[in-house]
Each structure stands twice: as C-alpha cells, then as structure tokens.
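*Asks:* My questions all concern the structure below.
Coordinate-derived values only; no laboratory data. This one's a predicted model, so the numbers in the text were calculated from it and none came from an experiment. Virtual Cβ from ideal backbone geometry, glycine too; neighbours counted across all protein chains shown.
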Amino acid sequence: MTKGPDTSDGLLIGRVCQGDQEALGELYDRYRNQVFRTALAITRNRETAEDILQEVFIKLYHYRERIDTTLHLAPWLYRVTTNLCYTCVSRRKRWLTALDDVIENIVAPSRASPERQAEYGELQTVIQQAIDTLSLNQKTVIVLHYLSDLSLKEISYILAVPEGTVKSRLHYGRENLRKKLKNSRALFPEVAYEFT
C-alpha cells in the first residue's frame, strides 16, 4: 500500500456518488484482480471467487456515500472481500487454501529439469494439504501476508483485529505449517528453512 491517500480513487468514488457508472467501472478495472485473487485463495473455488468479486463491487456502490474518500480504497476492498469469504466459508464449511502464488512466495523452484518440476508438483501438493489443515483465521492471515503481500498493520485493519492478533495468527500458522511439513524436510529443505 502506498503512503497517503490515492486521490484518484477518492475522485472516482465521488463520481460514483453522482451516478457515474463509468467511474465504478474504472474502480472495478483497477481492483478486480486483487479482489479476485484474494477471494480465490480463501474460498478455493473459482465460481465463488467470481461471485464475491461481483458482491464486493455491489457493496462498493451500495455504500458509496459512506466510504471515506481521504483514505486508501484497497484496505476497504480487502476487508469487504475477507468478510464475504468468511461468510461463504462458514456457510459452505469450506477451508481456506493457499494456491500456487503462495507457494511461489515460499519457495522459488528451479524449472531446469523434469525431475525438479516433478518435485515442485509434489511440493505444491504437500504445502496445499498442510495449509488446508490450518484454522480459518490462520489461513486468512497466511493468504493476505504471502499472497497479497500485505503488512501486519494492513492485515490488522482489514480484519479489524489488533496487530498483535495478526502477528500471533501468522506465527502459529507458520508453526503449524512447519510441523506439518516436518516429514517433507528431507525432500524439500528450502521449505523447512522458510518456516524456521
């Protein structure tokens, strides 16, 4: 997140308040990838992530008059996205997972040999299964931190919890991942290093 408010977002929201649909389209184009990626990582379902993407921008339009145009819009969008994902996960009893992007942040594999590619595929499966076992709170923080590359302060704002809570969830999430991945350390020493 950049320092200071994004005045162009504030101007676009102001135009949306005046009924300008093109301004809403510009905001959609600007933020749709971030919202969709986050929703997909949390729900692990493309159709659900697409529905959440649409719902986020419906809420943006519905609450346009209440949005503080002097603040960044991205944290508001992340907050709405994660809240909708929590609701979806609770309703459908689905678990959060980290997809390929999270794995990319954890380990940068060499794609030089077919053996290494096969090993990387196995690594993806092992990490995905390990993340599937985390609690929803830990998974969400892992996704926002590693997939969306957000700071603890930003995650704290988005989830409306103290920064210490975010730090704790991230710590215990990594600890739980380290334990789950312990059996794979011989195969994937770089992953073991990442979680130490």
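*Asks:* How would you rank His145, His62, going from fewest to most other Cβ atoms within 10 Å of each one's own Cβ?
*Replies:* The most exposed by this proxy come first: His62, His145.
*Asks:* Would you kindly state how much longer the chain becomes between Gln34 and Gln21 on full extension, computed as 0.36 nm times their sequence separation minus their alpha carbon distance, in nm to one decimal?
*Replies:* 2.6 nm
*Asks:* Please work out how much length the chain gains when fully extended from Ser8 to Glu175, using 0.36 nm per residue of separation minus the C-alpha to C-alpha distance, in nm with one decimal.
*Replies:* 56.1 nm
*Asks:* Follow-up question, since we're still on this one. What is the sum of charges around Leu159, taking Lys and Arg as +1, Asp and Glu as -1, for the other residues whose C-beta is under 15 Å from the C-beta of Leu159?
*Replies:* Overall, the nearby charge balance is +3.
*Asks:* Say R0 is 35 Å: what FRET efficiency, to the nearest 0.05, do Arg79 and Thr125 get from their beta-carbon distance?
*Replies:* Once rounded, the FRET efficiency stands at 0.65.
*Asks:* Starting with the highest mean, order 14-25, 42-53, 153-164 by the number of other Cβ atoms within 10 Å, averaged over the residues of each peptide.
*Replies:* The most tightly packed comes first, giving 42-53, 153-164, 14-25.
*Asks:* Okay, next question. Given H placed on each backbone N at 1.01 Å, which residues far from Leu150 in sequence or on other chains put an amide H within less than 5 Å of it?
*Replies:* Here the answer is His145, since their amide H atoms fall under 5 Å of that of Leu150.
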